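Below is one structure, written out as structure tokens, with a few remarks after it.
We did not get these values from a lab; they are worked out from the coordinates using the rules stated. All values reported here derive from a predicted model rather than from experimental measurement. Methodologically, a virtual Cβ is constructed for each residue, glycine included, from the backbone with ideal geometry; neighbour enumeration extends over all protein chains shown.
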Amino acid sequence: MKIKKRKIILPIIISIIAIIIIIGVYITEEHRIAVLCYHNIATTEEKQNFLDEQDWTITVENFEEQLKYLQKNNYKTLTMQEFYKWKQGEINLPYKSVLITFDDGFLSNYQYAFPLLKKYNMNATVFIVGSFIDNSTDNEWQGNIKTYMSNEILEKVKKEYPNIEIYSHSYNLHYQGAINRNTEELKNDIETFNSKFENIDIYCYPFGQYNYNMKQALKEENYKMAFKYGPDRKDYKKASRKDDDFEIPRLNVSHGMSVNKFAIRLMMY
Ligand SMILES: [Zn+2]
């Protein structure tokens with residue numbers, strides 16, 4: 001009788017230990033966080049007026065559906081500091097955590113995205129191109145999705161939207177091939193951005209292009225992390241603690257995505 005009991009109890013104990021280990025590995029080692037990448041946002045009508053911007057523009061309606069999904073499913077929208085601390089292993093975060101990011105600093109973000117993020121009490125980061133902001137005189141929304149936030153608008157963002165953080169997408173390297181400039185020129189660009197804006201330790205590569213020189217320049221300028229951009233299929237993955245701090249992948253949802261597909265993407269590894 002005793003032997004029989006042991007025969008039953010032992011496999012149960014082993015199974016329980018195995019499950020604990022699997023859950024432990026899952027939570028501590030393999031927790032991956034989706035970093036969502038958006039660009040422009042517009043009404044369906046405005047989007048239709050700019051055929052060349054289709055791949056970079058999500059409709060206001062679609063964006064709100066996605067935010068509603070995140071809220072309904074109890075997703076925590078992270079601040080950049082929370083994401084950074086998680087990435088460094090300093091804190092753990094709920095399994096359902098997500099980092100929302102916007103590239104380029106379009107005026108449409110201020111017009112449509114920020115009020116919606118505030119409505120749902122969500123955090124997000126915008127990676128601005130410094131020269132686009134400095135050259136912009138667009139302080140009013142006129143339906144042109146190719147306009148950027150001005151310095152005046154950025155000041156308003158700081159006052160009106162504490163849930164929105166601003167980081168660098170370069171000062172003036174937002175063109176194809178910019179990455180091939182020499183290290184001195186790359187560093188000059190970083191220093192120009194640093195001299196004009198705040199939050200100068202997180203970077204997002206223009207067009208997702210990076211190389212050893214670029215990473216090195218960022219490190220020498222005391223940057224702590226840099227995000228890639230991935231239309232490339234291999235980049236459709238969540239960020240992991242194991243990723244290089246200067247090669248953090250993102251999920252591209254720039255052009256919009258049905259809520260069902262969005263949900264599946266968030267669930268995928
Ligand atoms: Zn960009």
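Taking each residue as 0.36 nm, the span from residue 163 to residue 135 lengthens on full extension beyond its C-alpha to C-alpha distance by 7.6 nm. Gain on full extension, evaluated as 0.36 nm per residue between residue 30 and residue 92 minus their Cα-Cα distance, stands at 21.2 nm. Rounded to the nearest 0.05, what FRET efficiency do residue 184 and residue 224 give with R0 = 35 Å and r taken as the Cβ-Cβ distance? Could you check? Once rounded, the FRET efficiency stands at 0.95.
Across 57, 43, 77, mean-square fluctuation computed from a Gaussian network of the chain (C-alpha pairs under 10 Å connected) peaks at 43. Give me the angle, in degrees from 0 to 90, between the Cα long axis of helix 2-24 and the longest principal axis of the Cα atoms of the chain, rounded to the nearest 10. For helix 2-24, the angle is close to 10 degrees.
Close amide H pairs (under 5 Å, H built 1.01 Å from N) link residue 97 with 76, residues at least 5 positions away or on another chain.
Comparing 208, 89, 143 in a Gaussian network model of the chain where C-alpha atoms under 10 Å apart are linked, the largest mean-square fluctuation is found at 89. Over the chain, the fraction of Cα-Cα pairs per 10 Å bin, rounded to whole percents and listed from the shortest bin up, is 6, 28, 33, 19, 6, 4, 3, 1, 0. Amide hydrogen proximity for residue 102: with H placed 1.01 Å from N in the peptide plane, the residues at 5 or more positions away or on another chain lying under 5 Å are 38, 125, 126, 127.
In order along region 54-64, phi translates into HN-Hα couplings of 4, 5, 10, 10, 9, 7, 4, 4, 5, 4, 5 Hz, rounded to whole numbers, per the Karplus curve 6.51 cos²θ - 1.76 cosθ + 1.60 with θ = phi - 60° and x for Gly and Pro.
Model label points for residue 61 and residue 258, set 7 angstrom from Cα along the Cα-to-Cβ axis, are 1.5 nm apart. Rounded to the nearest 10 degrees, the inclination of helix 151-160 to the longest alpha-carbon principal axis of the chain is 40 degrees.
For region 253-262, 3J(HN,Hα) computed residue by residue from phi via the Karplus equation (6.51, -1.76, 1.60; θ = phi - 60°) reads 10, 3, 8, x, 6, 4, 4, 4, 5, 4 Hz, glycine and proline entered as x.
Listed values for region 35-52 are Karplus-derived 3J(HN,Hα) couplings in whole Hz (6.51 cos²θ - 1.76 cosθ + 1.60, θ = phi - 60°), namely 9, 7, 10, 10, 10, 8, 9, 7, 5, 4, 5, 5, 4, 5, 6, 10, 4, 6, and x replaces Gly and Pro. Counted by neighbouring Cβ atoms within 10 Å, the residues 68, 242 run from fewest to most as 242, 68. Label separation (residue 244 vs residue 50): 3.2 nm, computed from points 7 Å beyond Cα along the C-beta direction.
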